[in-house]
Amino acid sequence: MPARPAPSAPLTSQATTRVHEPRRADCPWCGSTRLRNRLRTGDLRQYKPGSFTVDECRDCRHTFQNPRLTSEGLALYHRTARGTPRDVAADTLLALRGSRPRHRSAARAMLRFGEPESWLDVGTGHARFPMTAREFFPYTAFDGLDPTPRVVRARAADRVEEAHVGRLTDPRISAPLRGRYDVVSMLHHLEGTPDPRAELHAALDVLRPGGHLLIETLSPRSLFAALLGRWWLAYDQPRHLHLLPPQNLRAELEAAGCTIAFLDHRPVHIPHDLAGATALALSHVLPAPDTPWRAIPPPLARQHLREALLRAGIPLVALAAVADHVLAPVARRTRFANTYRLIANKPT
C-alpha cells in the first residue's frame, strides 16, 4: 500500500517545543510547588499525536495541564482536519453541555435579578445560548465574543447584535467594552482559557457596577474524575487547560469585592460520565482508526471491522447513559457532581 504524505510539521514529534510551554514546577493559581500528577493521556477524541499531563496542586486543588499548550498548539488541537475519525458517541455527549435545556436553565437562573439592558456571552461559539436566553429576556441586547469567526456568522444569523472575535483579555477588545454590560456569561469557557484568573478580571472590567457574572464550569472535585481517570470525558485533553475548584473561584471573586449570589452544582450536573467513559474506552480498545497523520493507513478490512465493532458497542454506551440518568438525582447532590454554577454581583 503506498505511503501517504507526511503530516504537517506541528503534529510531528520534532515540533513538540513549538506547541508546549515549559513545564511548570508551581501551581498557576496559588504558586505552591506541592504538585501531584492526576493523569497522563493522549488525544482520546481526535487521535492526534502527543502526550499530555494533568497535574493538581495539593494546596488549592487547582487542576491544570502541565506543560500547557501554547496558543499555536491550542489552535492546532482544536482544529478538525479532514479525515479525522469521529467518535459519534463521545461527540454527542460533549454536545450535551450546550443543549437547549441547559441554556434555558442558565438563562432562568438570571430571572431573579431582573431584565438587563446589555449582556455579553464570552466563548459564545455559534451563539446558541444568547438565542435561547432571548426567550426570557426579549428586550436585552445580547453581544457575543469568541476566539473564532463563528461569532461573526452568529451575528449574520441575528443571534447576537455585536460580534467580537478574540479573547476578553486582549486590551484591544476589552478596553472599548469597559463598564458596558449588565451581565457577562461564561458557560464552559474558563476550562479552555490559558489564564482563567485574567479572564475573570477582564469580565469584571466590562461589567457595570452592580452587574452580574454568570459562570458554569467543570468541577475537578467530582468523584467521577477519580474513579474514571483518563476516561473521564471532562478532562478532554488537550483542549482543557484548567479545571477550577469552586472554592478557588469564590475566593478570587470575593477578593475582587464581589458578592456571591449563587454557587451550587445541583442544577447543572451533566449526566454523561459513565456513558462518556464507555464510549472513549470502547473506541480505544478496538483496532486503531485511520487518521490523516498516519504514514500508512490500516488495511481496509481492519477499518471495516472497527466500524462494525463500534456500531455493535452502541447498546453498551446507551446502557451506560441510562445508568448516568438513573444516578443523576444522587450525583447532583453529592461529590459526584461534575459541573457547578456561580453567579457573582460586582460591587456598585
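The values are calculated or read from the model by the stated rules, or taken from the named source; none is laboratory data. Just so it is clear, the model here is predicted, and its values are computed rather than measured. Virtual Cβ from ideal backbone geometry, glycine too; neighbours counted across all protein chains shown.
Among the residues in region 217-235, are any β-branched (Val, Ile, Thr), at pLDDT 95 or above and within 15 Å of residue 191 (Cα to Cα)?
yes
Determine if region 290-301 includes at least one residue that is out of contact with any helix residue (DSSP H, G or I) (no Cβ under 6 Å at 6 or more places or on another chain), surrounded by 18 or more Cβ atoms within 10 Å (Cβ to Cβ) and modelled with pLDDT under 95.
Just the residues of region 290-301 that are out of contact with any helix residue (DSSP H, G or I) (no Cβ under 6 Å at 6 or more places or on another chain), to begin with: 291-292, 294-301.
Remaining after also requiring surrounded by 18 or more Cβ atoms within 10 Å (Cβ to Cβ): 291.
Now restrict to residues that are modelled with pLDDT under 95: 291.
Yes, region 290-301 has at least one match.
Say we look at region 310-329 and pick out the residues that are closer than 18 Å to residue 270 by Cβ and among the small types (Gly, Ala, Ser); which of these is surrounded by the fewest Cβ atoms within 10 Å (Cβ to Cβ)?
For region 310-329, the residue satisfying everything is 318.
Would you confirm whether any residue within region 266-276 is under 19 Å from the mean Cα position of the chain (by Cα), buried (at least 16 other Cβ atoms within 10 Å of the Cβ) and more than 17 Å from residue 233 (Cα to Cα)?
Within region 266-276 (the criterion being under 19 Å from the mean Cα position of the chain (by Cα), buried (at least 16 other Cβ atoms within 10 Å of the Cβ) and more than 17 Å from residue 233 (Cα to Cα)), the answer is yes, since at least one residue qualifies.
Is there a residue in region 218-236 that is part of a strand (DSSP E or B), within 19 Å of the chain's Cα centre (by Cα) and within 13 Å of residue 343 (Cβ to Cβ)?
No, because not a single residue in region 218-236 is part of a strand (DSSP E or B), within 19 Å of the chain's Cα centre (by Cα) and within 13 Å of residue 343 (Cβ to Cβ).
Determine whether residue 71 is over 30 Å from residue 310 (Cα atoms) and either in contact with a Leu (Cβ under 7 Å, 6 or more places away or on another chain) or modelled with pLDDT of 95 or more (or both). If you could, list the steps in order and put the result at the bottom.
On the way: over 30 Å from residue 310 (Cα atoms): yes; either in contact with a Leu (Cβ under 7 Å, 6 or more places away or on another chain) or modelled with pLDDT of 95 or more (or both): no.
So residue 71 fails the test.
Quickly run through region 26-43 and pick out the residues that are surrounded by 16 or more Cβ atoms within 10 Å (Cβ to Cβ) and either modelled with pLDDT under 85 or within 16 Å of residue 243 (Cβ to Cβ) (or both).
27, 28, 29, 35, 38, 39, 41
Can you find a residue in region 163-179 that is at pLDDT 95 or above, among the acidic types (Asp, Glu) and in a helix (DSSP H, G or I)?
No, region 163-179 contains no residue that is at pLDDT 95 or above, among the acidic types (Asp, Glu) and in a helix (DSSP H, G or I).
Check off (1) surrounded by fewer than 22 Cβ atoms within 10 Å (Cβ to Cβ); (2) over 16 Å from the mean Cα position of the chain (by Cα) for residue 239 and give me the number that stays unchecked.
(2)
Quick check on my filter: what residues within region 330-344 are under 30 Å from residue 255 (Cα atoms) and surrounded by fewer than 19 Cβ atoms within 10 Å (Cβ to Cβ)?
Residues satisfying the conditions are 333, 334, 335.
Restricting to region 242-265, give me the number of residues that are among the aliphatic types (A, V, I, L, M), surrounded by 17 or more Cβ atoms within 10 Å (Cβ to Cβ) and assigned to a loop (DSSP other than H, G, I, E, B).
Of the residues in that region, 1 qualify.
For region 36-66, what are the residues that are assigned to a strand (DSSP E or B) and either among the hydrophobic types (A, V, I, L, M, F, W, C) or touching a helix residue (DSSP H, G or I) at 6+ places or on another chain (Cβ under 6 Å) (or both)?
Taking region 36-66 and keeping what is assigned to a strand (DSSP E or B), we get 36-41, 52-57, 63-65.
Passing the criteria: 39, 41, 52, 54, 57, 64.
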